[in-house]
1. Of the residues in region B:98-154, how many are of a type outside the set (S, T, N, Q) and part of a loop (DSSP other than H, G, I, E, B)?
2. Could you please give the count of residues in region B:303-329 that are assigned to a loop (DSSP other than H, G, I, E, B) and surrounded by fewer than 19 Cβ atoms within 10 Å (Cβ to Cβ)?
3. Determine, yes or no, whether B:VAL660 is touching a Phe, Trp or Tyr at 6+ places or on another chain (Cβ under 9 Å) and either in a loop (DSSP other than H, G, I, E, B) or at pLDDT 95 or above (or both).
4. Among the residues of region C:44-77, write down those that are in a helix (DSSP H, G or I) and not acidic (Asp, Glu).
5. Would you confirm, using the coordinates I've provided, whether B:ALA45 is modelled with pLDDT of 95 or more, surrounded by fewer than 20 Cβ atoms within 10 Å (Cβ to Cβ), in contact with a Pro (Cβ under 8 Å, 6 or more places away or on another chain) and closer than 30 Å to C:GLU75 by Cα?
6. Going through region B:495-535 one residue at a time, which ones are more than 14 Å from every other protein chain (Cβ to nearest Cβ), among the charged types (D, E, K, R) and part of a helix (DSSP H, G or I)?
7. For region B:285-302, give me each residue that is aliphatic (A, V, I, L, M) and either surrounded by 24 or more Cβ atoms within 10 Å (Cβ to Cβ) or without any contact (Cβ under 8 Å) to a residue 24 or more places away in the chain (or both).
8. Return the only residue of B:PHE273, B:PHE279 being buried (at least 24 other Cβ atoms within 10 Å of the Cβ) and on the phi > 0 side of the Ramachandran plot.
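The values are calculated or read from the model by the stated rules, or taken from the named source; none is laboratory data. These figures come from a predicted structure and were not determined experimentally. Virtual Cβ from ideal backbone geometry, glycine too; neighbours counted across all protein chains shown.
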Amino acid sequence: MMSGTELLAPRNRRELADALRRATGRSCLLAGGTDWMIEWDSSGAHPDLLIDLSRLEGAAEVRTTDGMIRVGALMTCAQLQQHEILLGRAACLAQAARQVGSLQIRNAATIGGNVANASPCADLVTALVALRARATLVAASGVTSERPIETLLADQGGSTLGHDEAIVEFSWPIGRAGERSAFGKIGVRTSVAVSRLNAALIICLDGAGAVITEARIAFGSIATSAFQAEDVAGTLRGASIAGDCPEAFISRCAQLVDRSIPSRTSRPYKRLAIRGLAADLWALIGAGASASSATPSGS
Amino acid sequence: MINSQSRHPLSRNRQSLGTKSLDDYDPGIVTGFKYVGGRYPASDAVRKAGGDLAFGSDMRFSGMVHAALLLSPHAHARILRIDAARARAVPEVLGVYSHFDAPATPYCRYRITPGQAGCVDDEPLFASTARFAGDRVAAVVATTRAAARAAVRAIDVEYEPLPAVLSAEAALAPSAPRIHPSGNLLHEYCVEFADPGADPADGVTIESTVSTQMLHHAALEPHLCFAEYDSAGKLTIWSPCQSVYGARTVVADLLGLPYHRVRVIKIPMGGSFGGKQEFILEPVTAYLAMRTRRPVSLILERDECIRATTVRPAQRSWLRSRVGRDGRLLSVEVDTLLAAGAYAGSSPDYAEAMAHKLTRLYRMPSYRHRGRVAYTTTPVAGGMRGWGAPDIATCAEVHLDQVAARLGIDPVALRLRNLVEPGDVDPVGGRGVGDARVRECLRRGAARFDWARRAACAPGHGRWRRGVGVACGAHKNGMLSDSFPDSTTMTLKMNEDGTLDLNAALHEVGAGSAVTLTTIIAEELDVAPERISTREADSESSPFDFGCFGSRMTYVGGAGARKLAAALKERLIANAASLLGLPIDLLSADCGRVSAPPSDGRSLEFAAIVRHARMRDGRDMIVTQTYSGKSNPGSYSVQFAEVEVDTWTGLARVTDFLSVVDIGRAINRLMVEGQCRGAVQAGVGSALCEEVILDEAGRTPGGGFKNYHLINAVDMPPVDVLLVEHDGDDGPFGAKSVGEIAFVPTAAAIVNAVNRALGTVLADLPLTPERILAALDGMAAVATVRTTCA
Amino acid sequence: MRLTATVNGASIAVEVAANARLVDVLRDALGLTGTKVGCAAGECGACTVLIDGRAVNACLVAAAQVEGRVVLTVEGLARGGELDRLQRKFVEMGAIQCGFCTPGLLMSATALLARVPHPSRAEIATAIAGNLCRCTGYAAIIEAIEAAADEAVAR
């Protein structure tokens, strides 16, 4: 059984567009490969064309330009988790990256792949949704376009990307002074666990650094894809960052689970456990959202 | 940490006590042993570190072809039609096989010897009715593995679905569909004992129901087997198995071959934990080799290992104890219901083993254990590390903590009031428990763990609660019973340079049993262990042995090795006596020489004695000995756990652990400690997160280890190990078993710690975050109602 | 397609399918069977190898993606037939029982010590969290990695 798979490894956006023009519904875009390799191994499927994105120049860097943070789609989780710009300006993304899988997975898995695969529990997607990121796509036509991250996430799960489109970059405006963010997740193990719940929180503090003036929060694993929860975020506005985790925030999180997955068997657990996630986020963000996750107080 | 010096890996390395977890004494000083009690890596560790030890999946045979299995997607379905046309059209495919062309003769995957009691022949090579989601429906043999797997996907099967039966309770319901013609009740037993003179003191009665779940053994090496049938009609099987003679029995009987025409070779094994004890792949691989006349390789995927090999059975036990106000057990009743899965395998024996543990652990005037084993349309259950002992220990120890809570007695004190003493006789088995030091394990462990102080600490009121738990466990040493005479045969040969070759049917599972035997021989003969070679079992050339299971390797195999070395020493002395012209009783053997008394001054190197025997006397220096087990004392372990539970997310973490084992005598401290620490990894998993889950149709979720959660390095607690050594029994230099007993009370200690931290009575394992939160939520609801009423 | 790369210090050129897994190319085409397959899904870490010094699961890497890169497997650790210090510590300190996880763990540990010469226990645990071991309970493995780091300092 020879697989007649052809391989193209474009080095720039022009070559990428050329490659995409030859793509069919049976073609695959390969970034880190961590999802595709499992799929091929278990299904025995053979793509007709493999477009290896890993040689794409400039796609594995983080830049700030024109008030925007730009993250190349080929950045691996391991690179994201320790990138200084992200640790300072988008901690939720760095923290999400740090909690993806094992080190071996983080060394291979890319942010572009995480979005393109669009699993309901994808950690980076939740952070990107909270950040209101936009994805830069290159199409077979050679046209480069930008789309809000949510529009890439299909209602039925998976992504809305066409077979002849590729994500090359994510971008979002640099937050204002006083902005903090944090990411939290709950899995079955402390590390190397798929999220059963995850969330990314972004807040803005007043000039004194005491009161939350703005808040955004996104949740993953309680719908087919990550989404922003405006009403939950609303409970945090006006809260004192030095105070206890607002009760309304916690209870609104539980209500969100009831609303999102009313008939799922996981609901009774998730509506209770999300309180812990909310409290973790609060503790993280109160601590200035440093790169360390919440640890049990009793230890 | 004390840094170990760089030495030959097999050299004595007693100074490098790598951890603080050992009792701080040097056995060499205390006992005068030269080799016993040292720290020795497994004999093949160097090659494993170098990556050059060939495991099965690394073996390549000339002309090798690859098999893949089509497994039933249905838990229960009649197979009406198999259309393999598309599969046969794959150019690399050599053949497609199913029940339509394979023999229908049923066999028992658990059989070791012909005529073995307790074996039920109910499993076919290929199912005509699939009895679980994972049952073998067909097999493809192709020249490449990818083609074999692709061809399996191209087989079209028409199934007539039948109702699934997913629990033992459901299987025994009057209206349950029959899984086998004989009915769903596979086995029933009752073990009873009552002391007529027992004090009918008044007491309290406490009932509990505790359940343990299906577990995947999770050896890192997936199941595999190789077989070749040559033109002279001889079948050779290469398998990482635990009994070459058992594999031979099952395959030869099934395929109608004489035993001397079936050769089974044990190859390196990437872990078993009982998962490779039974003969799951050997029969089908052998059959495919006979059909294709090519060397066949069959290697399973991880998902196939989870659903289609063997699992630890799910069981539920109801317990009722009558206990005196002082905490003394007056009577214990147990009723166990166990799901065997689709085929009997070892489940009847496994279930019955559960009835033979508690009376070795606690004194009780009255005991009754009733058990029923039911067929279910779920993965086939089989032996796993501890073989029923962890299951019943979990039930009994969780129950005892409920007893302790009811009576207001400390859990350690309650157990001390009831544990056996050395020399007690188990009223159920009628055998002595031997030098049972479980009370000492508990006392010393409690002191070391600082139990009294830690148990008195409040769990806290915040989000995170802490608790400590204790549990005891009993197991055995070998398989000696009234119906089974445990024995082993070995051959030891000395070479002309004084080195030795041990020929025993060794099945190294990763626990270092080969180096255990060489250490024992080294001690007895006073020869350096690295001068003794071992090889693994080969049914064609190894003396007979039942296999590596039943906690018999050290206690029975080790004792056999010592007897063997003693016999060789006797032979060396006898030959030396004739060479030196001195009476035997004047000679002594040590440091590789046989020496005359100091007044005489002469001595002969072992090597010289061998050379004389072979070159001058026409004799040889080789001995074969059969050792028969004399006793089967209890092995004991007491374990202490500390947990921290996040009451908001339900996640529990084990934060500290102490494993105390009554080991008699540690032969190889490094591996003993490794067994104890490794057991905790599996124990934490079985207490908190490991479970083979089935959906309502009886299917596993797939996804391999993504959906079967093993504890990784981050979630392991520090594990302290305390060995209690008294060498009071018949094992070599007093040694008893460790690998299984070390796993017996682990889960129970953790569950008890969680219950103590939360004030819950959780008793269905594993204690998942869902179960923990549901229990807390239930308690909160009760509390709310009370507050409202007040 | 033709794949060229450096594997264990030697240049290799082999014909591979474009979507072949690196682990299959290593084991079958190059005969480097020290790298094990325990799950084929990136969950167990038995197939861990280093690409340009970074630990990855070879079962999840397309061989095509290592074109021109530097791959290190367990066979590349020993020098002149002598085990390296991590391998020696694994052997001496009981970090090896059945040994099926050992090659992957050695590679994760090699990558860690190259990046962090004196890791804490927590750093070691995190670095090997993607390597499952059913035999040892990890303690001896962590101790062996610590001892190898200590020995490197002593030199």
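1. Of all residues in region B:98-154, those of a type outside the set (S, T, N, Q) come to B:99-104, B:106-112, B:114-115, B:117-127, B:130-142, B:145-154.
Retained after the next criterion (residues that are part of a loop (DSSP other than H, G, I, E, B)): B:99-104, B:106, B:108-112, B:114-115, B:117-122, B:124-127, B:131-135, B:154.
Residues flagged as of a type outside the set (S, T, N, Q) and part of a loop (DSSP other than H, G, I, E, B) within region B:98-154 amount to 30.
2. Adding up the residues that qualify gives 3.
3. So B:VAL660 fits the description; yes.
4. Matches in region C:44-77: C:ALA58, C:CYS59, C:LEU60, C:ALA63, C:ALA64, C:GLN65, C:VAL66, C:VAL74, C:GLY76.
5. When the stated conditions are applied, B:ALA45 does not pass them.
6. Selection gives B:GLU523, B:GLU524, B:ARG531.
7. B:ALA286, B:LEU288, B:ALA289, B:VAL296, B:LEU298
8. So the residue among B:PHE273, B:PHE279 that is buried (at least 24 other Cβ atoms within 10 Å of the Cβ) and on the phi > 0 side of the Ramachandran plot is B:PHE273.
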